[in-house]
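We did not get these values from a lab; they are worked out from the coordinates using the rules stated. What you see is a predicted model, and the numbers here were worked out from it, not measured in a lab. Positions of Cβ are backbone-derived with ideal geometry, glycine not excepted, and every protein chain shown enters the neighbour counts.
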Amino acid sequence: MGSDVIAKLKEMAADPERVWIVGGASYAGLLKQTGRLANVLLSLGLKRGDRLLLQVEKCEAVLSLYLACLRAGVVFLPVNPGYTVAETAHFLSDAEPALAVTDPDRVAGLAALGARVMALPDLLALAEAQGPDFADPAHGPDDLAAILYTSGTTGRSKGVILTRENLSSNAEALVGLWRFTEGDVLLHALPVFHTHGLFVATNCVLYSGASMIFHRAFQPAAVLEALPGVTVMMGVPTFYTRLLADPGLTGAVCGQVRLFISGSAPLSPATHAEWRERTGHAILERYGMTETNMITSNPYQGERRAGTVGMPLPGVAVRITGPEGPLPQGEAGAIEVRGPNVFQGYWRLPEKTAEEFRDGWFVTGDMGAFDAEGYLSILGRAKDLVITGGLNVYPAEVEAALDDLPGVAASAVIGVPHPDFGEAVVACLVAAPGAGLEEAAVREALRERLAAFKIPKRVLVLEELPRNAMGKVQKAELRRENAGLFAGG
Ligand code: AMP
């Protein structure tokens, strides 16, 4: 069992010199601020198990509130500030938070939905009037820590219930695996409403007593300016492609960096290779999801195999199954996970929760296969699998072939209804700057690499791919837009 997040915070805060945010709070200051905030939450009548919804632009106070909630036993519920008021209504009615905290310009909108709302600056002002000491109640590893809503690209967004142990066990595994120490300085440019920026990044820092450089948004120029003082960067693949597009990215600016980590969406082998050539660093790719925290990681020492997400974390079990059960090594199937990292279920959706567990294993919804050395490859979401003329096509395989072609900057492969084949493979491409892509030439070039049934029936060249805040391609949107592509035969 991992040491509780708040126990770690107190341990780190015992050293008055230890820096939490470079140019900002120390750990000792952070502990005091979380004490003040926890006192405010109690003074406002929040009780253990109540939910606190937080929907604000990225700022340091999000991290303080996350920790204050853990101290008070209040369930932390961060929401993407990009959601409109109408979209936020679902989280308010579903989670019934005792308090919603938001930016001043959103207070009226959320209040109109019937929520008890407070502006973040007002909450922080109340905290100033409180003492920093807080009498922490005892917490158990199975107590609720947070609810994070899934991005819900194909249906209603679901609340993922995470316990304190889900967070602590994953933090300890990652700190060990990625060799975090108090000497590390992490560049934090990720959103803080999502598991990647909120838990993976923040808890790795907290559990090692490291420091972070905190950027409120990802700006390539600002990142390049900060990099010389950084030892670890965590990013989504678009961070890496956007930095590569900047001539300011050189081996020299990465001189102090010991580790670049990527996750939340597939990193193309082409980007991995280009990054290595330009900076000398092999990006370490890992795989996880909101429901499971981190599941697998490429090794710190040893080969970081491009196009794979590495091996299961210590204490985490992964299996590949078909409709009849576990499959032999090497075969492609559904990825299932078990371990202390796996969530407790979807908030107020017991049936949905039961559907997604099989014999105690969580069915991730991703397809994958292990190679002979134990590296896992993600082949795409099960619902993105294309079945054309009765044959399975894994989008990731076709995307990898497309990404290798000269002039292709990004690709997404989808299935589109087709009168003869049921579904047809369709490729959506973005051209590299200055490159022209020709449908017939792309299809021809794939013939050497792929069986005929995997070759896209159509190749569409787009200005850009629709992506969410984490850089994930929104395939449901591409499918919707192209649903009529083969209509009328
Ligand atoms: P989320 O819950 O928003 O973090 O999304 C989790 C999903 O992102 C996973 O189920 C995967 O489909 C995808 N994902 C995360 N990391 C990777 C990765 N390294 N490669 C491919 N897909 C990934």
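You can think of it this way: the chain between A111 and A487 has 130.8 nm of extra reach, that is 0.36 nm per residue less the Cα-Cα gap. When DSSP beta bridges are restricted to pairs lying wholly in the chain, around 60% turn out antiparallel. The distance linking segment 72-94 with segment 6-23 is 29 Å (Cα centroid to Cα centroid, whole angstrom).
Loop only per DSSP, at most 16 neighbouring Cβ atoms within 10 Å: give me the GluC sites (Glu not before Pro) in segment 318-356, ordered by residue number.
Passing both the DSSP loop test and the Cβ count: E324, E331.
Between D246 and Q344, the modelled label-to-label distance comes to 4.1 nm, taking each label 7 Å out from Cα in the direction of the beta carbon. Near the amide H of G380, within less than 5 Å, lie the amide hydrogens of M367, all on another chain or at least 5 residues away, with H placed in the peptide plane. When only alpha carbons are used to place a centre, segment 198-247 and segment 278-313 end up 16 Å from one another. One chain, two ends: K352 and E448. Fully extended at 0.36 nm per residue, the span grows by 30.3 nm beyond their Cα-Cα distance.
Dipole magnitude for the chain: computed about the Cα centre from +1 point charges on Lys and Arg Cβ and -1 point charges on Asp and Glu Cβ, it is near 380 debye. On C-alpha positions alone, give me the angle between the axis of helix 27-43 and the longest principal axis of the chain, in degrees, nearest 10. Orientation of helix 27-43: about 80 degrees from the principal axis.
Checking every one of the chymotrypsin sites (Phe, Trp or Tyr not before Pro) in segment 241-346 against DSSP loop status and a limit of 15 other Cβ atoms within 10 Å picks out Y300. Note on segment 325-367 and segment 108-171: Cα centroid distance 25 Å, given to the nearest whole angstrom.
Dimensions of segment 141-228 from C-alpha coordinates, computed as largest minus smallest value along each principal axis and given longest first, are 41, 30, 17 Å. With the cut-off at under 18 Å, measuring from each backbone N in segment 256-278 to a point 7 Å along the Cα-to-Cβ line of D15 picks out no residue. In this structure the amide hydrogen of T388, modeled in the peptide plane, comes within under 5 Å of the amide hydrogens of V393, none closer than 5 places in sequence on its chain. The count of lysine pairs in segment 5-175 that are at least 8 places apart or cross chains, and whose C-alpha atoms lie under 24 Å apart, stands at 9.
Normalised by the number of residues in the chain, the average gap of Cα pairs under 8 Å and 6 or more apart makes the relative contact order 10 percent. Sorted from greatest to least, the principal axis extents spanned by the alpha carbons of the chain come out as 70, 51, 45 Å.
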